[in-house]
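**Student:** The structure follows.
Values in this text are rule-based calculations from the coordinates and carry no lab data. It should be emphasised that the depicted structure is a prediction, and the values quoted were computed from it without experimental measurement. FYI the Cβ positions are ideal-geometry reconstructions off the backbone, even for glycines, and counts take in every protein chain you see.
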Amino acid sequence: SYGNINGLLKYNNQTLEAQNFTLNFLSTQAGFSGTIDNLPAFVYNLSANRNANNVVLNVNGDLKLQTLNLSGLIDTYNKKNRSKNYVPKGKIDLREIVNMQGNINVDITKFIFRKFEFTNIKGNLQIAPGVIQANNIQMEAMEGDVKLNGKLTFGDDYSLNMAYDITASNLNVSKIFYQC
């Protein structure tokens, strides 16, 4: 479900400019200010062909999320939760969905994945097709502070390759064991 859609959108010559654009979807409140190039062609190719057909989505701006519940998003799209009449269109290649490039400043108040909970996440993501570079990401987790820099790469064999430098301080050992 979607709701509370608000903000200013301008579209000109394949560029969508968003100013204070906000919306709620799947229990997540999101806000974006910036530009997105090639959005109609990108969305059309993903929905009709299940691949981006070499259309690269260019995204630059600031993304703010109140609560991002990754477990809830995964559960929403879990095969077990689909009706018996659902006919899959084929396997989705994450490299197609992340066929993007750009620079995004992120500000996430709360991120949840299973028992993991991170708060006040701030930093920068540089995106290239199949690669997400995390720069100076800072957050609070397990009653301590975490800082990270690194790269997530989507492989040809549907693998995810991660290489991060992480500095964690003042973590609560009991919370570490509980969440892990």
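**Student:** Could you pull out every residue, at least 5 positions away or on a different chain, whose amide H is within less than 5 Å of the one on residue 69? Hs are placed 1.01 Å off N in the peptide plane, and Pro or chain starts have none.
**Tutor:** Sorted by chain and number, the residues that satisfy this are 112.
**Student:** Now for a different question. Would you please give the FRET efficiency between residue 175 and residue 17, computed as 1/(1 + (r/R0)^6) with r the Cβ-Cβ distance and R0 = 45 Å, to the nearest 0.05?
**Tutor:** So the FRET efficiency works out to roughly 0.60.
**Student:** Could you work out how much longer the chain between residue 168 and residue 151 gets when fully extended? Use 0.36 nm per residue separation minus the Cα distance between them, nm to one decimal.
**Tutor:** Going from the current span to full extension adds 4.4 nm.
**Student:** Non-local amide H neighbours of residue 149 (under 5 Å, H modeled in plane, Pro and chain starts lacking H): which ones?
**Tutor:** 165
**Student:** For a quick check: with amide H placed at 1.01 Å from N, whose amide H comes under 5 Å from residue 144's, ignoring anything fewer than 5 positions away on the same chain?
**Tutor:** 172
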